[in-house]
Amino acid sequence: MSTTAPSDYSRLIVISSVYTDLQPTALSPAVHLSRRLGCRVFLKREDQQLGFGPHVRGVYNSISQISREDRWRGVVVSSLGAAWASRLLQTQAVIIVPDHMPAGEIHELEELGCVVLQRPACGPITPLASACQQQALYINPLNDCHVLAGMGTVGLEILQQIKDVQNLEAVFCSARAGGALEAIGIAIKLFAPQVKIIGVGFQSSAAASLPSFSISIIDSIASRTPEGTSPNSINGLNVLQVQKNWLTLSEQLETSATSSHTEEEATSEATRIHPSVVDEIMFVEPYDISQAMEDVFVEFRVLIDADGSLAVAGLKRHAFSKGLGMETPSSI
């Protein structure tokens, strides 16, 4: 396995081809959260990106490094960001997904022109084996420096948008698999090493209690519905969509909490650089996650995914435990 030095990552992030087709996302001030927590809070709006997350940046940057002569073979990748990236670059993508992925999400990937292969939890199919079968190029999101550099542009944007970097205390990111935490950490530590990078995970021991929170979060959001509004609508959002979002989030968290790292993940480039760019890993409970989801809904009227919920929950717990003041902006 080849490794990339920090100095090389600074170059790879700066010269990334991400912005050829993708746009920077906003860093939005969370006014209500800031007032409640006593510190300035900003949310990095990767929900506005194609694919609703940072992974499209990484896969796009990696595919763009492949010569046009080789792209006809297609790519095999286990990152969901490949759907939009391959479409933008007119490259056939075979996406490896877990066998528990909802049929609706698989259909969405297929609608974008991808071939979807479901990987059994303990089955023999691996992304690399699939690539050999398809005679395609294999992109390992956790072990590809161009993927990490592409996602690292999120960290670079945060530093450009925050203005007052000297008072930036910490950046919070989901610690779930995918390399986003390490990629963002690379960029932040290269240009602002004093900023703490904090990953947020989910307590596996609490996974069983997740379903019980689906009712409380829906009722809590529904209580904010204006009088005269249809009982099937919550501030313009369909109740069924709220339920679907929470159940999907619960499944994602429960799966990530009970799954173990593969040998491929344990020896990846993301794992190698983790100790040098991540200052702390903290864990949150189901209640923290449900409250984070509600907080962001109140702030922006959007429903965030599992990764966003973890980041917000972690920031809140950190702020309460540290007693931060308004002079210290915390950024997600």
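Taken together, the values in this text are just the output of simple stated rules run on the coordinates, not laboratory data. In this text the structure is predicted, and so the values were computed from the model without any measurement. Here the Cβ is made from the backbone with ideal geometry for all residues, glycine too, and neighbour counts use every protein chain on show.
Modelled this way, with points 7 Å down the Cα-to-C-beta line, the labels at PHE191 and GLU110 are 4.2 nm from one another. With the simple model of a label 7 Å out from the Cα in the direction of the Cβ, TYR287 to ARG272 spans 4.3 nm. Excluding same-chain neighbours fewer than eight residues apart, the lysines reachable from LYS163 by a Cα-Cα span under 27 Å are LYS44, LYS189, LYS196, LYS316, LYS322.
Report the FRET efficiency, 1/(1 + (r/R0)^6), for VAL302 and ALA103, where r is their Cβ-Cβ distance and R0 is 22 Å, rounded to 0.05. Given R0 = 22 Å and the Cβ-Cβ separation, E is 0.35. One Cα centroid belongs to the range 294-325, the other to the range 29-61; the line between them spans 10 Å. What's the FRET efficiency of ARG68 with GLN23 using the Cβ-Cβ distance as r and R₀ = 22 Å, to the nearest 0.05? Computed FRET efficiency for ARG68 and GLN23: 0.40.
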